[in-house]
Amino acid sequence: LQWIHGSERDGRDKALNDKQTTRHTQLDPCIHCKQLFLSQASMQHDTKYDEVLLNVAGQCGGIAPLLDTFFSFLYRKTDFFHIMAEGENMGFHDGVAEKLVLRAFRKYEAASAMARQERSAAGAAADGERLPPAAGGAASSSPP
């Protein structure tokens, strides 16, 4: 597996704006390639459970009850909230579970912000195409 950015990529990462292509090995990707791969892989996998999750969300009646149901499940059926004691092999060290939740939240918060920026940029580009040309008879302040 190679990480590719620049002219060979499909243009999703405009921030790089490279004219030449840079390749990385799987063991040494740049941060841009790693973030792109991780977000694409998880987004593709996430749709696998959409039907089930939409059903649960509909039964819960809102986001807050859905989150409560999810964390209730983690509490009742997993060791997610168990604080690992010395010598134990289950649960998490103190604070790790919370960090996992925040990491997942921040990941999709960033994806949402990026999508907003892309929509805004696309809208601005479309608006730029619709603007009339600048007036050619603008006043000039050149000396006589």
Checklist entry - Name the pairs: first residue in region 35-60 and closer than 19 Å to residue 109 by Cβ and polar (S, T, N, Q), second residue modelled with pLDDT of 60 or more and surrounded by 11 or more Cβ atoms within 10 Å (Cβ to Cβ), Cβ to Cβ under 8 Å, at least 6 apart or on different chains? => result 39/107; 39/111; 42/107
Checklist outcome for this item: Checked pairs for region 108-121, first on the phi < 0 side of the Ramachandran plot, second charged (D, E, K, R) and surrounded by 10 or more Cβ atoms within 10 Å (Cβ to Cβ), C-beta under 9 Å and 6 or more apart or across chains, list as 118/12
Checklist outcome for this item: Subset of region 40-55, residues farther than 18 Å from residue 101 by Cβ and either among the small types (Gly, Ala, Ser) or modelled with pLDDT of 65 or more (or both), comes to 41, 47, 48, 50, 51, 52, 54, 55
Checklist entry - If you go through region 72-95, how many residues are exposed (fewer than 13 other Cβ atoms within 10 Å of the Cβ) and assigned to a helix (DSSP H, G or I)? => result 5
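How many residues are of a type in the set (Lys, Arg), under 19 Å from residue 63 (Cα atoms) and surrounded by 10 or more Cβ atoms within 10 Å (Cβ to Cβ) if we restrict to region 96-132?
Applying the first criterion (of a type in the set (Lys, Arg)) to region 96-132 yields 99, 103, 106-107, 116, 119, 130.
Next cut, under 19 Å from residue 63 (Cα atoms) only: 103, 106-107.
From what is left, the residues that are surrounded by 10 or more Cβ atoms within 10 Å (Cβ to Cβ) are 106-107.
Residues that pass the stated criteria total 2.
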Checklist entry - How many of the residues making up region 85-101 are in contact (Cβ under 8 Å) with a residue 12 or more places away in the chain and in contact with an Asp or Glu (Cβ under 9 Å, 6 or more places away or on another chain)? => result 2
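The values are calculated or read from the model by the stated rules, or taken from the named source; none is laboratory data. The shown structure was predicted, so the numbers you read here are calculated from the model rather than taken from an experiment. Cβ coordinates were reconstructed from backbone atoms using ideal geometry, including for glycine residues, and neighbour counts include every protein chain displayed.
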